[in-house]
1. Among the listed residues R164, R120, identify the single one that is of a type outside the set (A, V, I, L, M, F, W, C), without any contact (Cβ under 8 Å) to a residue 12 or more places away in the chain and in contact with an Asp or Glu (Cβ under 9 Å, 6 or more places away or on another chain).
2. Looking at A82, A131, A141, can you tell me which residue is under 12 Å from the mean Cα position of the chain (by Cα), modelled with pLDDT under 95, within 21 Å of T52 (Cα to Cα) and among the small types (G, A, S)?
3. Only one of (1) modelled with pLDDT under 95; (2) open to solvent by less than 20 Å² (accessible area, probe 1.4 Å) fails for V187. Which number is that?
4. Looking at the stretch 121-138 only, could you name the residues that are closer than 20 Å to K24 by Cα and in a helix (DSSP H, G or I)?
5. Being surrounded by fewer than 20 Cβ atoms within 10 Å (Cβ to Cβ) and free of Cβ contacts under 8 Å to residues at least 60 places away in the same chain is the filter; apply it to the stretch 127-144 and report the residue that is farthest from D74 (Cα to Cα).
6. Restricting attention to the stretch 1-15, and to residues there that are open to solvent by less than 50 Å² (accessible area, probe 1.4 Å) and more than 15 Å from I97 (Cα to Cα), which single residue is modelled with the highest pLDDT?
7. Could you look through the stretch 167-183, keep only residues that are open to solvent by 50 Å² or more (accessible area, probe 1.4 Å) and not hydroxyl-bearing (S, T, Y), and pick out the one that is nearest to the chain's Cα centre (by Cα)?
Amino acid sequence: MEPDPRHDVILTGIGGQGIQLCAKVLALAAAADDHHVMLSSYFGGEMRGGRTEATIVTRDAPITGLPPIVPRLDAAIVLHPAFLGDALPRLTDDPLIVTDAWAWPDDAPRNGRVVRVPARERAAELGAPVAAGLVLVGAFAAITGTARPESLAGAVRELVPAHRAAALEADLAAVAAGHDFVTTEAVTS
């Protein structure tokens, strides 16, 4: 599979889904694979349920001339549709969308490539329903070539907080499940 070149991505969802952890995993893994990376985050003061997003810009050369809030991105990882209306205007006209299968509304714009991943279901099968975002990160990295599976695994090992150490194996399996889904089963629209 030829890597999709659309890899400047916004992750969007609601607080408590692990958007910020997922963004850090993808950014750290891409950096480990010798890419230049810029990560920025946004989240409200709520602990759960509020708007949260992160953007990751990945280049093979140093990143210069971009503002901290990147105005146009060519990809999105969607964990929840609640704040999708804030993210969609920031996408190019032909974006790559990697979304939890249930989270992409039927009435959403159809331009670009949409990859629906049953992330919530895959994570639940692994016994870690909170790892759905890591399933999507694994899928996105496999589609774009942004980071190798072993780099993602290394980033997960480094970033999963101590209070979640018991879930580490499931988190690693979630990243692998996303990769495996898009390399063997994915259907895009």
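The values are calculated or read from the model by the stated rules, or taken from the named source; none is laboratory data. Predicted model, so just to flag it, every value in this text is computed and none were measured. Every residue, glycine among them, receives a Cβ derived from its backbone with ideal geometry; neighbour counts consider all protein chains shown. Ligands, DNA and RNA are excluded from the accessible area calculation, which covers all protein heavy atoms including side chains. Shrake-Rupley method; radii C 1.70, N 1.55, O 1.52, S 1.80 Å.
1. Details: R120 fails: without any contact (Cβ under 8 Å) to a residue 12 or more places away in the chain.
Going through R164, R120 in turn, just one is of a type outside the set (A, V, I, L, M, F, W, C), without any contact (Cβ under 8 Å) to a residue 12 or more places away in the chain and in contact with an Asp or Glu (Cβ under 9 Å, 6 or more places away or on another chain): R164.
2. Working: A82 fails: under 12 Å from the mean Cα position of the chain (by Cα); A141 fails: modelled with pLDDT under 95.
So the residue among A82, A131, A141 that is under 12 Å from the mean Cα position of the chain (by Cα), modelled with pLDDT under 95, within 21 Å of T52 (Cα to Cα) and among the small types (G, A, S) is A131.
3. Evaluating V187 over (1) modelled with pLDDT under 95; (2) open to solvent by less than 20 Å² (accessible area, probe 1.4 Å) leaves (2) as the failure.
4. Step one: of the stretch 121-138, the residues closer than 20 Å to K24 by Cα are 123, 128-138.
The answer is A123, P129, V130, A131, A132, G133, L134, V135, L136, V137, G138.
5. Keep residues of the stretch 127-144 that are surrounded by fewer than 20 Cβ atoms within 10 Å (Cβ to Cβ), which gives 127, 129-130.
So of that shortlist, the ones also free of Cβ contacts under 8 Å to residues at least 60 places away in the same chain come out as 127, 129.
Values: G127: 32, P129: 28 Å.
Here the residue is G127.
6. If we take residues in the stretch 1-15 being open to solvent by less than 50 Å² (accessible area, probe 1.4 Å) and more than 15 Å from I97 (Cα to Cα), then I14 is modelled with the highest pLDDT.
7. Pass one, the stretch 167-183, residues open to solvent by 50 Å² or more (accessible area, probe 1.4 Å): 169, 179-180, 183.
So of that shortlist, the ones also not hydroxyl-bearing (S, T, Y) come out as 169, 179-180.
Working: E169: 19, H179: 12, D180: 15 Å.
The residue in question is H179.
Here is a yes/no grid of residues against (1) surrounded by 20 or more Cβ atoms within 10 Å (Cβ to Cβ); (2) not hydroxyl-bearing (S, T, Y):
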{"site": "V25", "(1), (2)": "yes, yes"}
{"site": "M38", "(1), (2)": "no, yes"}
{"site": "S41", "(1), (2)": "no, no"}
{"site": "V78", "(1), (2)": "yes, yes"}
{"site": "D86", "(1), (2)": "no, yes"}
